[in-house]
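Throughout, read-outs are computed from the coordinates displayed, never taken from laboratory work. Model, not experiment: these values are computed from the prediction. Cβ placement follows ideal geometry from the backbone for every residue including glycine, while neighbour counts extend to all protein chains displayed.
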Amino acid sequence: MRRILLVEDEIEILRVEKQFLERNGFEIVAASAGRRAIDMIASGEKVDLAVLDVKMPDMTGFDCLKEIRKIKPDLPALFLTGSIDKSRHVEVLKTLNCEPDDVLQKPIDLNELIGHIKEKLGG
């Protein structure tokens, strides 16, 4: 079973996404803050992919992934954002070796999210 680190500060959204992904065969490691996600990875939590909210109170999803990649350099990631203009994230995505297609618009259709997750995980 593939393990996904799901980082979302809005608890209700985190709960819905977690339940949906679990019902679709994924094991979810959930964190409601970027710092918590980093601490989980630092303590040895094994995950295959990170799905991070871009805007969180303690740090951005991009900053969170930068810190996580100091521990797990090749961790693939997807980002969720309420921002309409994804082009504003292009430069920071380049520094993370991510593509604009790795940023998904909220609210997201959860079946679409699964499609992107499967693509990132290679099937």
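Amide H to amide H distances under 5 Å link MET59 with GLY34, where only residues 5 or more positions off or on other chains count and H is placed in the peptide plane.
Taking amide hydrogens as placed 1.01 Å from N in the peptide plane, the amide H of PHE79 sits under 5 Å from those of LEU52, VAL103, LEU104, each at least 5 positions away in sequence or on another chain. Going by amide H atoms built from the backbone, whose H comes under 5 Å of the H on LEU6, apart from near neighbours? Those qualifying (amide H under 5 Å, at least 5 residues apart or on another chain) are VAL29, ALA30, ALA31, VAL51.
Explain nothing, just compute: Karplus ³J(HN,Hα) = 6.51 cos²θ - 1.76 cosθ + 1.60, θ = phi - 60°, for every residue of the range 67-73 in order, whole Hz, x for Gly and Pro. Residue by residue, the range 67-73 yields 5, 4, 6, 5, 9, 10, x Hz. Each residue of the range 49-58 is assigned a 3J(HN,Hα), and the resulting list reads 7, 10, 10, 10, 5, 6, 9, 10, x, 8 Hz, derived from the Karplus form 6.51 cos²θ - 1.76 cosθ + 1.60 (θ = phi - 60°), x at Gly and Pro.
Using the Karplus relation 6.51 cos²θ - 1.76 cosθ + 1.60 with θ = phi - 60°, the per-residue 3J(HN,Hα) values for the range 15-20 come to 4, 5, 4, 4, 4, 5 Hz, with x marking Gly and Pro.
Taking every alpha-carbon pair under 8 Å whose residues sit at least 6 apart, the chain reaches a relative contact order of 23 percent. With the simple spin-label model, which puts each label point 7 Å out from Cα in the Cβ direction, the ALA42 to ASP74 separation comes to 2.4 nm.
When the alpha-carbon atoms of the chain are used, the pair Rg, Dmax equals 13.0, 35 angstrom.
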